[in-house]
2 protein chains.
Amino acid sequence: MLQLRCDDINADWKERALGLRDAVELFRGKWKFVILKTLAHGPLRFKDLQEKLNISPKVLTRELRELEQNLLIVRTIRKMKQISVEYAVTEYARETKWILETLISFGENHRKKIKAQVKA
Amino acid sequence: MLQLRCDDINADWKERALGLRDAVELFRGKWKFVILKTLAHGPLRFKDLQEKLNISPKVLTRELRELEQNLLIVRTIRKMKQISVEYAVTEYARETKWILETLISFGENHRKKIKAQVKA
DNA sequence: CAGAATCCGGTCAGATACTG
DNA sequence: CAGTATCTGACCGGATTCTG
């Protein structure tokens with residue numbers, strides 16, 4: 001929790017900034033969106049993801065953990081001859097699709113605007 | 001531009017991921033939202049911002065530059081006895097308010113969901 | 001005043017090698 | 001197979017000092 005000073009009349013939106021950060025962090029970084037999209041076609045194992053995305057195991061592990069903690073994917077272990085771990089998107093992840101779409105279209109428009117400005 | 005492999009049927013959303021990144025980066029970090037909110041009350045000089053936010057000059061400079069490049073603020077130099085540089089939010093910044101609000105409320109809901117899950 | 005330069009500790013993405 | 005361990009180099013936020 002951020003410590004606020006007495007003369008700080010902005011306490012309310014400093015709290016709101018935390019909500020913003022949560023949302024931003026959720027889809028931040030190079031991989032989260034890509035992983036979600038890849039799993040949208042159907043569940044995949046660790047190895048499959050690694051090969052499809054060309055990502056190092058350490059990074060993949062961390063990204064998967066974060067997505068799991070945010071309830072966007074589920075991790076299920078299958079005891080075969082060889083251990084197999086399957087990752088799948090959750091219903092909640094599908095419910096978040098709208099905000100992803102919102103962000104993407106906003107981002108694309110924004111990019112256009114910046115480009116136009118640079119030329120002008 | 002990302003290089004895509006032949007077997008890659010996902011070229012379209014790899015491009016869309018760029019839009020997402022633009023949007024996410026726009027309000028990322030510790031300061032951008034706070035600066036925008038602070039300037040929403042009216043233009044301020046570098047020094048004012050520095051004192052209000054208790055931020056180091058290097059970081060403040062970088063954040064202001066990024067916001068300026070993204071057309072969210074404008075920088076105007078006033079030649080007084082002492083040089084004075086004023087920063088103000090743009091109309092475009094006001095137009096982006098809706099997406100900030102969207103992200104914030106989504107983030108707050110998400111936070112609640114995660115907390116509830118942890119307890120359960 | 002507005003910032004640039006420098007130094008710092010921490011985190012991040014990635015490559016690589018190794019383990020149960 | 002599904003990761004962990006280790007090391008790297010880049011970047012981030014910050015403190016401090018210096019300059020036009």
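The values are calculated or read from the model by the stated rules, or taken from the named source; none is laboratory data. Predicted model only: the values in this text are computed from it and were never measured. As a convention, Cβ positions derive from the backbone with ideal geometry for all residues, glycine included, and neighbour counts pool all protein chains shown. Surface areas here come from the heavy atoms of the whole protein model, side chains and all, with no ligands, DNA or RNA. Shrake-Rupley method; radii C 1.70, N 1.55, O 1.52, S 1.80 Å.
Hey, what's the protein assembly as shown come to in accessible area per residue, 1.4 Å probe, Å²? Numbers along the way, then the final one.
Numbers: 15000 Å² over 240 residues.
Dividing the accessible area of the protein assembly as shown by its residue count gives 63 Å².
The alpha-carbon of residue A:81 sits under 18 angstrom from the alpha-carbons of these aspartates and glutamates, leaving out residues fewer than 8 places away in its chain: A:48.
Let me check against my output: what whole-number percent is the relative contact order of chain A, with C-alpha pairs under 8 Å and at least 6 apart? List each step's numbers first, then the result.
Values: 72 pairs, mean separation 24.4, N = 120.
Relative contact order for chain A comes out at 20 percent.
Once a ≥ b ≥ c are taken as the square roots of the eigenvalues of the Cα gyration tensor of the protein assembly as shown, is the result rounded (a/c under 1.5), prolate (a/b larger than b/c) or oblate (a/b not larger than b/c)? Prolate, since a/c reaches 1.5 and a/b exceeds b/c.
Can you check what the net charge comes to around residue A:16, using other residues whose Cβ is under 13 Å from the Cβ of residue A:16 (Lys, Arg +1; Asp, Glu -1)?
Numbers: positive: A:14, A:21, B:37, B:97, B:111; negative: A:12, A:15, A:22, B:101, B:108.
Here the charged neighbours net out to 0.
Sort the following peptides by mean Cβ neighbour count (other Cβ atoms within 10 Å, averaged over residues), highest first: B:51-60, A:16-25.
Values: B:51-60: 13.1, A:16-25: 20.6.
Packing order, densest peptide first, comes out as A:16-25, B:51-60.
Between their Cα atoms, which of A:30/B:97; A:97/B:14; B:30/B:115; A:32/B:37 are more than 19 Å away from each other?
Details: A:30/B:97 25 Å; A:97/B:14 16 Å; B:30/B:115 22 Å; A:32/B:37 28 Å.
Violating the 19 Å limit, Cα to Cα: A:30/B:97; B:30/B:115; A:32/B:37.
Taking the charge dipole of chain B about its Cα centre, with +1 at Lys and Arg Cβ atoms and -1 at Asp and Glu Cβ atoms, the residue from B:100, B:31, B:69 reaching farthest to the positive side is B:31.
Please label the shape of chain B as rounded, prolate or oblate, based on the square roots a ≥ b ≥ c of the eigenvalues of the alpha-carbon gyration tensor (a/c under 1.5 means rounded; beyond that, a/b larger than b/c means prolate, else oblate).
Working: a/c = 2.60, a/b = 1.54, b/c = 1.69.
Oblate shape, in that a/c is at least 1.5 and b/c is the bigger or equal ratio.
Placing a pseudo-label 7 Å from each Cα along the Cα-to-Cβ vector at residue A:91 and residue B:98 gives an inter-label distance of 3.0 nm. Chains B and A: buried accessible surface, both sides, probe 1.4 Å, rounded to 100 Å²? Chains B and A together bury roughly 4400 Å² of accessible area. In chain A, carbon and sulfur make up what percent of the accessible area (probe 1.4 Å)? Carbon with sulfur: 52 percent of the solvent-accessible area.
Each residue, residue B:77 and residue B:114, gets one label point 7 Å from its Cα in the Cβ direction; the gap between the two is 4.3 nm.
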